[in-house]
1. Of the residues that sit in segment A:204-224 and are surrounded by fewer than 17 Cβ atoms within 10 Å (Cβ to Cβ) and part of a loop (DSSP other than H, G, I, E, B), which one is nearest to DNA strand E (Cβ to nearest atom)?
2. So which of A:Leu219, A:Leu183 ends up being out of contact with any Lys or Arg (no Cβ under 8 Å at 6 or more places or on another chain) and away from DNA strand B (no atom under 16 Å from the Cβ)?
3. Being farther than 23 Å from A:Thr82 by Cβ and surrounded by fewer than 17 Cβ atoms within 10 Å (Cβ to Cβ): is that true of A:Asn162 here?
4. Which ones in segment A:134-155 are away from DNA strand E (no atom under 16 Å from the Cβ), part of a strand (DSSP E or B) and more than 20 Å from A:Tyr18 (Cα to Cα)?
5. For segment A:36-95, which positions are at positive phi, at pLDDT below 95 and within 16 Å of DNA strand D (Cβ to nearest atom)?
6. From the list A:Lys92, A:Lys84, A:Lys72, A:Lys111, exactly one residue is among the basic types (Lys, Arg) and under 18 Å from the mean Cα position of the chain (by Cα). Which is it?
7. Across segment A:30-60, which residue is nearest to A:Pro115 (Cα to Cα) among those that are more than 13 Å from the chain's Cα centre (by Cα) and aliphatic (A, V, I, L, M)?
8. For segment A:108-133, enumerate the residues that are exposed (fewer than 14 other Cβ atoms within 10 Å of the Cβ) and either in contact with a Gly (Cβ under 9 Å, 6 or more places away or on another chain) or part of a strand (DSSP E or B) (or both).
Amino acid sequence: MCGRKTLTKDKLEIIANYLVEQWEEDFVWKPSFNIAPTHITPILLHDQVRKIKPMRWGLIPHWADDMKIGNKMINARSETLTEKRTFSNLLKQRRCVVISDGYYEWKIEKKIKRPYYIHYADNSFLSMAGLWSTWINQAGEKINSYTVITTLPQEEISHIHNRMPAILSGKDIEKWLNCETSLDIALELLKPIEQKLKYYPVSIFVNSPMNNSIKCIQLMNDKELSLL
DNA sequence: CCAGACGTTGTT
DNA sequence: GTCTGG
DNA sequence: CCAGACGTTGTT
DNA sequence: GTCTGG
């Protein structure tokens, strides 16, 4: 699955990489090494133009009467998207790309949880397929939120975890975002990617969502390595 | 018809 | 054990 | 995802 | 809001 990730790129890099035409006014993005559920991150949409909107991680369905439900909606299984009421209605018009440049998985090793950082070898952008929704709170404010779609992991990283985010690259990004794309074709994009990902164990520093520095993605130290 | 759920993951 | 908050 | 709380009453 | 279960 995917319950923690990074986006260490800044606004200008995001705009350049995704050919963003519109960045939501007043949204200030600060790069993060430790994005946890509930955090607000830039999300890419294609609504007339390519635009970035700030959204909260953990999808809050429009019918929810409490935003807490978002805690349980951080991921959506690609295999069952069309069967689940909460997600199926979003598939047609509410597809988005969750912008990141790596994510964390925890592997149980000898009863301890070891975080691994998974990323492209060149640390380039990693585009996750997502769905989003708008929820209106009691004060009448609109809150946009998203979920990351998961799929089977690539062989190379399946020993770490049995799920991975659905990753898009190249022309698939536009296909996923474009509402003209038929549902069948869009769903076809949610398969494990061909491109290989790199991974390495990191310090448990990343475990606490309060910690956010380059230490999160540094290789675990010698003392921790010796415990492996 | 109304009531009640609506989700994923990991672990046991 | 389970839920909430980050 | 992990970490940390999980409760009420009365008093300050 | 919409679907499932009763």
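The values are calculated or read from the model by the stated rules, or taken from the named source; none is laboratory data. The structure displayed is predicted, hence computed values, not measured ones. As a convention, Cβ positions derive from the backbone with ideal geometry for all residues, glycine included, and neighbour counts pool all protein chains shown.
1. Among those that are surrounded by fewer than 17 Cβ atoms within 10 Å (Cβ to Cβ) and part of a loop (DSSP other than H, G, I, E, B), it is A:Pro209.
2. So the residue among A:Leu219, A:Leu183 that is out of contact with any Lys or Arg (no Cβ under 8 Å at 6 or more places or on another chain) and away from DNA strand B (no atom under 16 Å from the Cβ) is A:Leu219.
3. It is false that A:Asn162 is farther than 23 Å from A:Thr82 by Cβ and surrounded by fewer than 17 Cβ atoms within 10 Å (Cβ to Cβ).
4. A:Ile143, A:Asn144, A:Thr150, A:Thr151
5. none
6. Criteria check complete, one pass: A:Lys72.
7. That would be A:Ile60.
8. Correct list: A:Ile108, A:Glu109, A:Ile112, A:Lys113.
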